[in-house]
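Peer 1: Please find one structure pasted underneath; my questions will follow.
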Amino acid sequence: MSDSLKAFNAYIRTIEKELALGNATEHTHRPALKTLFESLAEGIVATNEPRRVECGAPDFVLTRGSATIGYVEAKDVGQNLDEVEKSEQLKRYRGSLSNLVLTDYLEFRSYIDGKLRLHARLGTPGIDGRIKRDKSGIEAVTWLVDDFLSHQTASVGTPRELAQRMARLTQMIRDLIIRAFEKELKGGSLHTQFMAFKDNLIPDLSVEQFADMYAQTLAYGLFAARCNQSTGTDFTRQSAAYLLPRTNPFLRKLFNHIAGPDLDDRIAWLVDDLAQLLANADMAAILEDFGKRTAREDPVLHFYETFLSAYDQKLRKSRGVYYTPEPVVSYIVRSIDYLLKTRFNRPQGLADDNTFILDPAVGTATFLYMVINEIHDSLVTQGQTGLWNGYVAEKLLPRIFGFELLMAPYAMAHLKLGLLLKETGYQFEKEQRLGIYLTNTLEEAIKHSEALFANWITEEANAAAEIKKGKPIMVVMGNPPYSGASANKGK
């Protein structure tokens, strides 16, 4: 008899003993299931963490070393798995988790990327608790579990696929945060962070909106960090904090705080899975067009739109996140350049040293991207390419600003402009930042906070407030968010 068959026979005998007592529940059999999985492949650890499960995690997360292998959701013996499949819980798991097993301890169903792959049954329980074994069924379950434990997630190689898979995991992270928040005491870390955002950024922030902001910070923080690492080798949530661009100091501080070693374990397991997805992604292929100035369409914005459509279509509508076609953006930017030259006594147009520019709803920075392109092309035409590095540092970055309220486009705006400037040959100084700020454009007050975490938010908001109050903004351009009614209801 093979070792696998011995393991399954021992597992069935344990289930029989527990059923014979007459008071077994789905929790009773978990130790037997854990022993089974860990005995079938070397190095496998099956973790059942009640605090995680309470917040919406599957019953087991199976890992080998630091890598997640898959997940197991266990129901009571004899529970109708056809009905379980229809539940919101299973729909959420199948939509987010790429390698999943559903079982009632005797019947096993495996799902790859949400699709039923295999199903088989060990046997049928009798009235006395004894299980009528199915020899061919045992062999089929053995094969199913072996397939489950040996499954390797295929590397993602297109922006669309990565955006959609990121969105599904981020959805689940958001839901976990909401549940963790509901179960946490008021003085807990999530409540403290919620009040910091509410007091300093969005006064009418709801718990759901906070969870959304938190989840997207984790997702796009990891994405931005992965863009700065050429290979996925050793890319983890912990290493990501050091890879975030210094051009975005607020995101670096925020990500370090919320995604560091102290990240709530009820959330951390899934964030680590998102990091693993990015580690395995073919980022060279995904980023191939991200920095190309001559592209006819904006790949960074399309990536975000694809993400948001899969993540939360309602959020996209309520926040007015819609694509402004590149020809429209180009026309607006070139028209402003022309008007500055012909009507406002600025012969250099957008390249004029004293022309301050603001996009108050910057999104993924489509308009500012086009502005920088226009200015760069103008200097090239004038034969001043050699002056570009000094010009950007002294005369461009100090007068181009963007404000954004949503975390994901904020992170993407920094990423996109950073890639563009790098492509033009500009080298950022060590502590130099881009003028894109996470702030409510319609909020003016400068605030102060003693709390370290809240202080980072106030620093960002106050820096934006200084621009609103103190900079002689001459050009306001962009495409403000539109919807039937604004979701930004401050005074």
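The values are calculated or read from the model by the stated rules, or taken from the named source; none is laboratory data. This one's a predicted model, so the numbers in the text were calculated from it and none came from an experiment. FYI the Cβ positions are ideal-geometry reconstructions off the backbone, even for glycines, and counts take in every protein chain you see.
Peer 1: Within the range 359-390, how many residues are closer than 24 Å to GLU429 by Cβ, assigned to a helix (DSSP H, G or I), under 32 Å from the mean Cα position of the chain (by Cα) and β-branched (Val, Ile, Thr)?
Peer 2: Qualifying residue count, the range 359-390: 2.
Peer 1: Looking at PHE210, PHE197, which is the one that is within 30 Å of LEU442 (Cβ to Cβ), in contact with a Leu (Cβ under 6 Å, 6 or more places away or on another chain) and touching a residue at least 12 places away in the same chain (Cβ under 8 Å)?
Peer 2: PHE197
Peer 1: OK, next. I'd like to check something: does the range 1-10 contain any residue that is over 21 Å from TRP143 (Cβ atoms), surrounded by 13 or more Cβ atoms within 10 Å (Cβ to Cβ) and modelled with pLDDT of 90 or more?
Peer 2: Taking every residue of the range 1-10 in turn, none turns out to be over 21 Å from TRP143 (Cβ atoms), surrounded by 13 or more Cβ atoms within 10 Å (Cβ to Cβ) and modelled with pLDDT of 90 or more.
Peer 1: So, of the residues in the range 70-88 that are farther than 20 Å from LEU176 by Cβ and outside any helix (DSSP H, G or I), which turns out to be nearest to the chain's Cα centre (by Cα)?
Peer 2: Ranking the qualifying residues of the range 70-88, first place goes to LYS75.
Peer 1: Criterion first (touching a helix residue (DSSP H, G or I) at 6+ places or on another chain (Cβ under 9 Å), of a type in the set (Lys, Arg) and either closer than 28 Å to MET166 by Cα or not in a strand (DSSP E or B) (or both)) does LYS91 satisfy it?
Peer 2: So LYS91 fits the description; yes.
Peer 1: Residue under question is GLU38, and the condition is that it be free of Cβ contacts under 8 Å to residues at least 12 places away in the same chain, in a helix (DSSP H, G or I) and out of contact with any Gly (no Cβ under 8 Å at 6 or more places or on another chain); does it hold?
Peer 2: yes
Peer 1: Give me the residue from the range 310-357 that is under 30 Å from ASP212 (Cα atoms) and part of a loop (DSSP other than H, G, I, E, B) and, out of that set, modelled with the highest pLDDT.
Peer 2: Selected residue: PRO325.
Peer 1: Hey, does the range 128-147 have a residue that's in contact (Cβ under 8 Å) with a residue 24 or more places away in the chain, assigned to a strand (DSSP E or B) and either in contact with a His (Cβ under 7 Å, 6 or more places away or on another chain) or farther than 30 Å from ASN280 by Cα (or both)?
Peer 2: Within the range 128-147, one or more residues are in contact (Cβ under 8 Å) with a residue 24 or more places away in the chain, assigned to a strand (DSSP E or B) and either in contact with a His (Cβ under 7 Å, 6 or more places away or on another chain) or farther than 30 Å from ASN280 by Cα (or both).
Peer 1: Continuing with the same structure: Taking the stated definitions as given, is ASP352 touching a residue at least 60 places away in the same chain (Cβ under 8 Å), crowded, with 19+ Cβ neighbours inside 10 Å, of a type in the set (D, E, K, R) and in the same structural domain as ALA463 (by TED's automatic domain parsing)?
Peer 2: No.
Peer 1: Looking at VAL53, VAL101, can you tell me which residue is under 25 Å from the mean Cα position of the chain (by Cα), farther than 20 Å from LEU274 by Cβ and not in a loop (DSSP other than H, G, I, E, B)?
Peer 2: Exactly one of VAL53, VAL101 is under 25 Å from the mean Cα position of the chain (by Cα), farther than 20 Å from LEU274 by Cβ and not in a loop (DSSP other than H, G, I, E, B), namely VAL101.
Peer 1: Could you tell me how many of the residues in the range 153-180 are surrounded by 21 or more Cβ atoms within 10 Å (Cβ to Cβ) and closer than 30 Å to ASN462 by Cα?
Peer 2: Total satisfying the criteria: 4.
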